[in-house]
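Read the structure below first, then the notes.
Only the coordinates and a few stated rules stand behind these numbers; no lab work does. Keep in mind it's a predicted model, so treat the numbers as computed, not measured. Heads up, the Cβs are rebuilt from the backbone with ideal geometry, glycines too, and the neighbour counts pull from every protein chain shown.
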Amino acid sequence: MTGLKHWLLAAGVVLFAACSGGADGTKSDAGAAKPIVLGFSQIGAESEWRTANTVSIQGAARDAGITLRFSDAQQKQENQIKALRSFIAQRVDVIAFSPVVETGWETVLREAKTAKIPVILTDRAVEVSDESLYVSFIGSDFVEEGRRAGRWLTEYYSTGKGKDFKGDINIVELQGTVGSAPANDRKAGFAEIIAADPRYKVIRSQTGDFTRAKGKEVMEAFLKAEGRKINVLYAHNDDMAIGAIQAIEEAGIKPGTEIIIISIDGVKGAFEAMMAGKLNVSVECSPLLGPQLMSTVKDVVAGKQIPKRIVTEESVFPMETAAQEFPKRKY
Ligand code: GZL
């Protein structure tokens, strides 16, 4: 066998081992198992929550000895699809991603399945005709988060500080990214709870795309149209609520007292707003999914049985307990 053939054979073996990522535990010459290679497509950096989620994933990959190939889609689905296709071409061992919207994933997920690369969903869900296109979905129950927001509000006006309030309770709603699972589900869960009492009226509802800037801009429009008729703001995340608080104050209205504000995530900015008396409650939505994702990646590579749905445990933080909770917060 010529030197070239020896070289090609050797190269082929190296490429094969590198391509397979050693996921099946193939040993290197030195006998050490090759690290698992995980391709991760992140939505972007639109909120404090997202930033904390990225820190959790990158730190957990490092701690787990997993090689992370990370891409930021700047909140564009087409960038996520490009990233998934790139991971398939690179023959990573596992793909994980947080889908910016629920639909439009069928084709690229079929490409991953054809390439025999398992896919794990984190944070947000997808709508597909064939659930075998992904191994597991690790994330919150957004409908329950919306229900928790609705329950806090109905308790506030039935037995809490608002119990003597008479007449309709006019609500404006800042929705998350159009078409995203958290926006769809948080809206549905909240509506389900307030439907029990006709006094609750959602008089305006519009997307603020989960960002502070857009949340402020849309709240300015709500205030221009409805002014002091607004009793309550329900924001699908803390960042939009914090932007809206700026708009409310600039309109000469007191957030947290003249307009009751409910939001979701439980990020540091929300605790600071609650301690300042400007936000009434934040429903927790934990971004700390990194460790759970990495242990699931290792289990997938090891061929273990994986639960289709892994729900993160969460709580509700009213302003009254914000100061005592704040020192314990990890994001
Ligand atoms: C929820 C996550 C949402 C957060 C927002 O799991 O997808 O996206 O609530 C973030 O802050 O932008």
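Kirkwood analysis of region 92-145, using all unique Cα-Cα pairs, places the hydrodynamic radius at 11.5 Å.
Using a Gaussian network model of the chain in which every pair of alpha carbons under 10 angstrom is joined by a spring, one finds that among VAL297, VAL128, VAL143 the greatest mean-square fluctuation is at VAL128. Specify which residue in the list ALA64, THR211, ILE306 is farthest towards the positive end of the charge dipole of the chain, using unit charges on the beta carbon of Lys, Arg (+1) and Asp, Glu (-1), about the Cα centre. Farthest towards the positive pole: ALA64. Potential lengthening of the chain between LYS166 and LYS330 amounts to 55.1 nm, from the contour at 0.36 nm per residue minus the alpha-carbon distance. For the chain, the spread of Cα positions along the three principal axes, ordered from largest to smallest, is 92, 39, 34 Å. Students often get this wrong: which residues of region 147-183 have the backbone nitrogen under 17 Å from the point 7 angstrom along Cα-to-C-beta of ARG199? Taking a point 7 Å out along Cα→Cβ of ARG199, the residues of region 147-183 whose backbone N falls under 17 Å are 150-172. Starting from the Cα of GLU313, step 7 Å toward the Cβ, then list every residue of region 45-87 with an amide N under 16 Å from that point. Hits in region 45-87 for GLU313 at 16 Å: none. Each Lys or Arg adds one and each Asp or Glu takes one away; over the other residues whose Cβ falls under 10 Å from the Cβ of GLY104, this sums to -4. The Cα trace of region 204-331 gives Rg and Dmax of 17.7, 60 Å, the first to one decimal, the second as a whole number.
Among ILE264, ILE242, ILE310, whose mean-square fluctuation peaks in a Gaussian network model of the chain (Cα, cutoff 10 Å)? In the Gaussian network model the winner is ILE310.
Could you give the distance between the Cα centres of region 271-331 and region 122-184, to the whole Å? About 15 Å separates the Cα centre of region 271-331 from the one of region 122-184. Taking each of LYS224/LYS268; LYS187/LYS229; LYS116/LYS308; LYS216/LYS328 in turn, the alpha-carbon distance tops 25 angstrom for LYS224/LYS268; LYS216/LYS328. Of the three principal axes defined by the Cα atoms of region 142-285, the extents in descending order read 34, 34, 29 Å.
Of the cross-linked pairs LYS298/LYS330; LYS161/LYS330; LYS166/LYS254, those separated by over 28 Å at the C-alpha level are LYS161/LYS330.
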